[in-house]
1. Kindly establish whether Tyr149 is in contact with a Ser or Thr (Cβ under 6 Å, 6 or more places away or on another chain), closer than 21 Å to Ser13 by Cα and aromatic (Phe, Trp, Tyr).
2. Arg94 - would you say it is more than 20 Å from the chain's Cα centre (by Cα), among the basic types (Lys, Arg) and either in a helix (DSSP H, G or I) or at pLDDT 95 or above (or both)?
3. Note down all Cβ pairs under 8 Å where the first residue falls in the range 211-238 and is part of a helix (DSSP H, G or I), the second is modelled with pLDDT of 95 or more and open to solvent by 60 Å² or more (accessible area, probe 1.4 Å), and they're at least six residues apart or on different chains.
4. Say we look at the range 78-112 and pick out the residues that are charged (D, E, K, R) and out of contact with any helix residue (DSSP H, G or I) (no Cβ under 8 Å at 6 or more places or on another chain); which of these is nearest to Ile15 (Cα to Cα)?
5. Report yes if Arg70 is at pLDDT below 95, part of a helix (DSSP H, G or I) and not β-branched (Val, Ile, Thr), otherwise no.
Amino acid sequence: MPERIAWITGASSGIGAALALELADHGWHVAVSARRSDALAELCARRPEQLVAYALDVTDAAACEDVAGRIAADMGPIGLAVFNAGIGASFDIRHFDAADVNRRMSVNYGGTVNGIGAILPAMQARSAGRIAMTASVAGYRGLPGAAPYAASKAAMISLAESLHLDLAGSGVDVSVICPGYVTTPLTADNKHPMPFVISAEAAARRIRQGLEAGRFEIAFPRRLVWLLKTFQRLPYAAYFPIVRRVTGA
């Protein structure tokens with residue numbers, strides 16, 4: 001990745017904020033976006049020479065295009081775009097709300113699509129750049145208590161796989177980031193056990209290393225990834241009873 005200009009959405013807290021600091025500490029200049037301007041300002045104050053805030057609602061496609069254009073004009077061509085905005089891990093089937101489910105999809109998946117639409121033409125014109133999207137190991141297979149979140153992350157994994165194939169040889173690379181449990185505001189209210197949980201800083205370090213190594217899939221921690229990928233291979237007749245037993249669902 002010759003350009004060291006990055007754009008991270010969902011950067012006001014959690015993995016996004018930690019990754020912005022991690023990249024800044026390794027020579028990147030980073031544009032950070034989120035809806036919360038105050039949180040972005042606090043983040044940028046920690047690395048004022050390298051972090052620049054651009055407030056954004058990722059569900060607004062026109063706003064994504066505007067911000068991408070301003071970043072390129074202010075900072076230079078975007079060499080790395082990390083679409084990380086995400087909401088809503090927990091879910092209670094007893095209170096199914098279609099509007100809420102659609103809202104989560106519009107942020108997690110739709111926000112990624114809007115971001116890609118904003119930066120892909122310029123990357124294709126330069127034949128250079130990397131698109132990364134933060135999915136989750138929850139996207140590997142359906143899980144109890146996570147229907148909207150898991151569905152949005154599964155969609156992102158599929159999108160990344162397809163784009164990787166479509167963009168092969170174009171100079172534009174694609175990465176999909178699949179974290180397990182990470183200590184962030186998104187997981188703070190989880191009542192269930194979080195096996196192999198790691199800090200946002202540890203997650204950011206693994207993501208940065210994976211991106212700079214040019215990996216397509218950046219998934220961690222290994223033990224949880226191995227377990228869930230094993231589940232992927234099981235037929236439904238085995239998968240459903242095992243997951244019910246493991247999770248108590």
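1. The answer is no for Tyr149.
2. Yes; evaluated as a whole, the condition is true for this residue.
3. Within 8 Å, the pairs are Glu212/His26.
4. In this case the residue turns out to be Arg103.
5. no
Residue by residue, here is whether (1) part of a loop (DSSP other than H, G, I, E, B); (2) open to solvent by 10 Å² or more (accessible area, probe 1.4 Å); (3) touching a helix residue (DSSP H, G or I) at 6+ places or on another chain (Cβ under 9 Å) holds:
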| site | (1), (2), (3) |
| --- | --- |
| Trp7 | no, no, yes |
| Gly10 | yes, yes, yes |
| Ala17 | no, yes, yes |
| Glu22 | no, yes, yes |
| Gly27 | yes, yes, no |
| Val30 | no, no, yes |
| Arg35 | yes, yes, no |
| Asp38 | no, yes, no |
| Cys44 | no, yes, yes |
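The values are calculated or read from the model by the stated rules, or taken from the named source; none is laboratory data. These numbers were taken from a predicted model, which means no experiment stands behind them. No Cβ is skipped: glycine too gets one built from the backbone with ideal geometry, and neighbour counts run over all protein chains shown. In case anyone asks, the SASA skips ligands and DNA or RNA and just uses the protein heavy atoms, side chains included. Shrake-Rupley method; radii C 1.70, N 1.55, O 1.52, S 1.80 Å.
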